[in-house]
Amino acid sequence: RDADLQLANGASGLEPDVKVRYPIIPGSGYSGMVVTTGSRASRFWAGQKVAGIATDGCGECPACSEGDWPHCPGREAPAAGGQGAYAQYLVTRTSQVHKLPLDTPLIHGVLVESVARCLRGLDLLEVKPGLRACVVGAGSLGNLCAQLLRVCGLKVTTVDRDAHWLPLLYKYDIDTDTQLSALDRFDYLVETSGNQDTLSHLIEGAGPSSRVLLLGDNDPWDYRSLP
């Protein structure tokens, strides 16, 4: 996952203002098997396949009470010294995990969170077949988003200054580029890198009727769609 790569390089993609304090156990999105459950975890059982994100809310604030744990002011992310998904075992609340079908390979289940983010964002865009979309960033999130847009029947171009990611998109009939240019030709612009400089350039270059979706890892739970 893009955020895990940023964390490995010493920067917290999920928590821009939080300094990484080592030693930590990194890892955000994950899939795994339930080993045991508490007395109130009636929806899950040992052996159940699940997917989730390794962050945790305080469980007591108004945000947590409404199930909005990503916006808990006291939540602890792996970058702040918490327990990441690379740990052998995780302890979490049932509200933070989701069941996977029993026949789903765990290697596929780990993509659920990223795919869900993309799908929710595309719902906001109300994409229509035949139109043009530009995806900024060819990491895991950008790659998945570009594939989903292509499946929806759009003409897709993915832009990333790091050209070594781009060949992974060739087989999906997706155009690629290393430079952002002529942005006003696109009906949809999807930002997945979380880079603020890129975001400013994207908004300034968008056409008057373009729609801009921000999915960057600076705030993965803030799905903003700008007309």
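Among the candidates LEU154, LEU102, single out the residue that is free of Cβ contacts under 8 Å to residues at least 60 places away in the same chain and farther than 14 Å from PHE186 by Cα.
Working: LEU154 fails: farther than 14 Å from PHE186 by Cα.
Answer to the check: LEU102.
Can you confirm whether LEU124 is farther than 14 Å from VAL34 by Cα, touching a Phe, Trp or Tyr at 6+ places or on another chain (Cβ under 7 Å) and at pLDDT 75 or above?
Working: farther than 14 Å from VAL34 by Cα: yes; touching a Phe, Trp or Tyr at 6+ places or on another chain (Cβ under 7 Å): yes; at pLDDT 75 or above: yes.
Considered against the rule, which asks whether it is farther than 14 Å from VAL34 by Cα, touching a Phe, Trp or Tyr at 6+ places or on another chain (Cβ under 7 Å) and at pLDDT 75 or above, LEU124 comes out as yes.
Can we say LEU226 is at pLDDT 90 or above and surrounded by fewer than 23 Cβ atoms within 10 Å (Cβ to Cβ)? Spell out the reasoning first.
Numbers: at pLDDT 90 or above: no; surrounded by fewer than 23 Cβ atoms within 10 Å (Cβ to Cβ): yes.
For LEU226, the condition - at pLDDT 90 or above and surrounded by fewer than 23 Cβ atoms within 10 Å (Cβ to Cβ) - is not met.
Could you say whether any residue in the range 125-138 is open to solvent by less than 40 Å² (accessible area, probe 1.4 Å) and among the charged types (D, E, K, R)? Let's see the steps before the verdict.
Here is the first cut: in the range 125-138, the ones open to solvent by less than 40 Å² (accessible area, probe 1.4 Å) are 125, 127, 133-138.
Still in the running and among the charged types (D, E, K, R): none.
The answer is no, given that none of the residues of the range 125-138 is open to solvent by less than 40 Å² (accessible area, probe 1.4 Å) and among the charged types (D, E, K, R).
Can you tell me how many residues within the range 49-72 are surrounded by fewer than 16 Cβ atoms within 10 Å (Cβ to Cβ) and either among the acidic types (Asp, Glu) or at pLDDT 75 or above (or both)?
Residues flagged as surrounded by fewer than 16 Cβ atoms within 10 Å (Cβ to Cβ) and either among the acidic types (Asp, Glu) or at pLDDT 75 or above (or both) within the range 49-72 amount to 4.
Condition (residue is buried (at least 16 other Cβ atoms within 10 Å of the Cβ), at pLDDT below 90 and outside any helix (DSSP H, G or I)) applied to the range 143-156: is it met by at least one residue?
No, that holds for no residue.
Listed here are the residues, each with its yes/no results for (1) crowded, with 19+ Cβ neighbours inside 10 Å; (2) without any contact (Cβ under 8 Å) to a residue 12 or more places away in the chain; (3) touching a helix residue (DSSP H, G or I) at 6+ places or on another chain (Cβ under 7 Å); (4) under 18 Å from LEU124 (Cα atoms).
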| site | (1), (2), (3), (4) |
| --- | --- |
| VAL159 | yes, no, no, no |
| ASP162 | no, no, no, no |
| THR178 | no, no, yes, no |
| GLU204 | no, yes, no, no |
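The values are calculated or read from the model by the stated rules, or taken from the named source; none is laboratory data. The structure displayed is predicted, hence computed values, not measured ones. Note that we place each Cβ from the backbone using ideal geometry, even for glycine, and neighbour counts take in every protein chain shown. Each accessible area value is taken on the protein alone, full model and side chains, heavy atoms only, with ligands, DNA and RNA left out. Shrake-Rupley method; radii C 1.70, N 1.55, O 1.52, S 1.80 Å.
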